[in-house]
Amino acid sequence: MKRSLFGRLWPNVTAVVLFIGLVFPVYWMFATAFKPTGDIISEDPVWFPTDVTFDHFRTAVEADHFWTYVGNSLIVTVCAVVFSLVIALAGAFALARMRFKGRRGFIVGFMLAQMAPWEVMVIAIYMIVRDASMLNSLVPLTLFYMMMILPFTILTLRGFVAAVPRELEESALVDGCTRAQAFRRIILPLLAPGLMSTSMFGFITAWNELPLVLVVNKEAEAQTLPLWLTSFQTVFGDNWGATMAASSLFAIPILILFVFLQRRAVSGLTAGAVKG
């Protein structure tokens, strides 16, 4: 009886501990953003903000080039995700439906590309962008962010395409659809969970990226929000209230995206991982 009770209890206790460990930093970030400076630097931690203030948010929003950073991040992130989805759809369909020489090696290559840390290529990327006279531009950022998320997107969507029965596509062809029409009307709607999961992954990856934009774009007009977060740390000290407020604002789009897409995203990640 004791063993049975322990067997039921320890997974729940472990889940609660993990949940607290994961959620507490997020809570502390948002709570600190609303605390007065005195409570933030106090030796005794203030667990719940009592004197709520919005001064830190005002400082964050009024920082130089804030709206420029917001626009640049949205442009680069959305374009990278959309372009990668369009290319990945074609690549995933080819890998799942067609048989050609070198297909397995092609898939292994995508897996290796996903495993390799892309940060080791920052210097090479900088030299390419410099030689192409494209420094301080959003175009190279968009292209390289797209390349970063393409391997995962193709591998995930390949599992979804492989899970769609060929008979559905063949029936559409028999009914008079072209291959493109069959893909658009039959296969594409069934790929919605995969498209949502991969788009969320791509959005988070491109939205959070810092090293590349730090190296490639030195002018504020071509920089993104991750660099804005570093502007509150100076040689004179760290403005922790503004930093936490800025971090909270920076995290809100991702939290909203996750709330709206979480169900389809989770099913998409699991289904795409085991199919094909």
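Read-outs throughout are calculated quantities, based only on the coordinates presented, and are distinct from any laboratory measurement. Only a predicted model underlies this, so the values are computations on that prediction, with no experimental measurement involved. Cβ coordinates were reconstructed from backbone atoms using ideal geometry, including for glycine residues, and neighbour counts include every protein chain displayed.
On full extension of the chain, what length is gained from Ala15 through Ala90, given 0.36 nm per residue of separation minus the C-alpha to C-alpha distance? Before the final figure, lay out the partial values.
Values: separation 75, 0.36 × 75 = 27.00 nm, distance 3.95 nm.
Using 0.36 nm per residue and subtracting the Cα-Cα distance, I get 23.0 nm.
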Order of 186-193, 221-228, 210-217 by packing, highest average Cβ count within 10 Å first? 221-228, 210-217, 186-193
Determine, from the Cβ-Cβ distance of Arg58 and Met29 and an R0 of 22 Å, the FRET efficiency 1/(1 + (r/R0)^6), rounded to the nearest 0.05. 0.80
From Cα pairs below 8 angstrom and at least 6 apart in sequence, can you work out the relative contact order of segment 145-221, rounded to a whole percent? 42
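Would you work out the charge dipole size for segment 66-224 about its Cα centre, treating the Cβ of every Lys and Arg as +1 and the Cβ of every Asp and Glu as -1, and quote it to the nearest 20 debye?
On the way: 12 positive and 9 negative charges, 128 e Å.
Roughly 620 debye for segment 66-224.
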With Cα springs under 10 Å, the Gaussian network model of the chain assigns the largest mean-square fluctuation among Ala220, Ala132, Ala60 to Ala132
Measuring from the longest principal axis of the C-alpha atoms of the chain, the long axis of helix 122-131 (C-alpha) lies at a number of degrees, nearest 10, equal to 80
Once you have the Cα-Cα distance between Glu167 and Asn136, take 0.36 nm times their residue separation minus that, and quote the gain in nm to one decimal. 6.2 nm
I want to check the label-to-label distance for Ile75 and Met121. Put each point 7 Å from Cα in the C-beta direction and report it in nm to one decimal. 2.4
Using alpha carbon centers only, segment 56-86 is separated from segment 125-154 by a whole-angstrom value of 17
Using alpha carbon centers only, segment 218-259 is separated from segment 189-208 by a whole-angstrom value of 23
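Rounded to the nearest 500, what is the chain's calculated 222 nm mean residue ellipticity when only DSSP H runs of at least 4 contribute -39500 (n - 2.57) each, over all residues?
Working: 13 runs with 200 residues, N = 276.
After summing the helix terms and dividing by residue count, I get -24000 deg cm²/dmol.
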Just order 75-88, 112-125 by mean Cβ neighbour count inside 10 Å, highest at the front, would you? 75-88, 112-125
Name the shape class, rounded, prolate or oblate, that the alpha-carbon gyration tensor gives for segment 52-133, where a ≥ b ≥ c are the square roots of its eigenvalues, rounded holds for a/c under 1.5, and otherwise prolate holds if a/b is larger than b/c and oblate otherwise. prolate
With the charge dipole of the chain built from beta-carbon charges (+1 for Lys and Arg, -1 for Asp and Glu) about the Cα centre, the Cα from Ala96, Pro211, Gly38 projecting farthest to the positive end belongs to Ala96
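Over the chain, calculate the relative contact order: mean separation of alpha carbon pairs under 8 Å at least 6 apart, over the residue count, as a percent.
Working: 281 pairs, mean separation 84.6, N = 276.
The value is 31 percent.
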Using the Cα centre of the chain as the reference point, and only Cβ charges (+1 on K/R, -1 on D/E), how large is the resulting charge dipole? Debye, rounded to the nearest 20. 1880
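Between Leu190 and Ile254, what FRET efficiency follows from the Cβ-Cβ distance if R0 is 30 Å, with the result rounded to 0.05? Each step should come with its number before you reach the end.
Working: r = 27 Å, r/R0 = 0.89.
Rounded to the nearest 0.05, the efficiency is 0.65.
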Dividing the alpha-carbon radius of gyration of segment 97-244 by 2.2 N^0.38 Å (N being the number of residues), what value is obtained? 1.42
Output wanted: per-residue J couplings in Hz (rounded whole) for segment 187-195, from phi through Karplus 6.51 cos²θ - 1.76 cosθ + 1.60, θ = phi - 60°, x for Gly and Pro. 7, 4, x, 6, 8, 4, x, x, 5
